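Enquirer: I'd like to ask some things about the structure below.
The values are calculated or read from the model by the stated rules, or taken from the named source; none is laboratory data. A quick note: this is a predicted structure, and the numbers were derived from the prediction, not measured. Cβ placement follows ideal geometry from the backbone for every residue including glycine, while neighbour counts extend to all protein chains displayed. Areas reflect the complete protein model, heavy atoms only, side chains present, ligands, DNA and RNA absent. Shrake-Rupley method; radii C 1.70, N 1.55, O 1.52, S 1.80 Å.
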Amino acid sequence: MADESRQGAAETTSIRVPALLCRTCVRLLSRHVRDVPGIASFEIDAAGGLLRVRGSVDSGELLATLASAGFAGDRCRHLPPDAG
């Protein structure tokens, strides 16, 4: 999740999340992201491992929320270590 960028007036923030997210992870990620103040909308590219949020959001708070939800690693936490 180290990649993070803001793009102009649209206030879009893109953050890398583990690729190969399972459906459970996508639902969990969605629940946590929608609770972050300032997010107007978001989309998750599970296959590409990218979360895009729009709105006025504190990126530090968003990263902390993702880490506390278990999305700080490089893979889906619901997959066994030998999967993928």
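Enquirer: For the residue pair Ile39 and Cys22, what label-to-label distance in nm results when each label sits 7 Å from Cα along the Cα-to-beta-carbon direction?
Expert: So the label points at Ile39 and Cys22 sit 2.1 nm apart.
Enquirer: Next question. Quickly work out the Thr12-to-Ser68 label distance, labels modelled 7 Å from Cα along the C-beta direction, and quote it in nm with one decimal.
Expert: Calculated label separation equals 2.8 nm.
Enquirer: Accessible area of the stretch 28-67 with a 1.4 Å probe: how many percent of it is carbon plus sulfur? All intermediate terms of the calculation are to be shown ahead of the outcome.
Expert: On the way: 910 of 1900 Å².
Roughly 48 percent, rounded to a whole number.
Enquirer: Right, another one. Taking only protein heavy atoms and a 1.4 Å probe, what accessible area per residue, in Å², does the stretch 28-74 have with all protein chains in place? Intermediate values should be presented prior to the final figure.
Expert: Numbers: 2270 Å² over 47 residues.
Dividing the accessible area of the stretch 28-74 by its residue count gives 48 Å².
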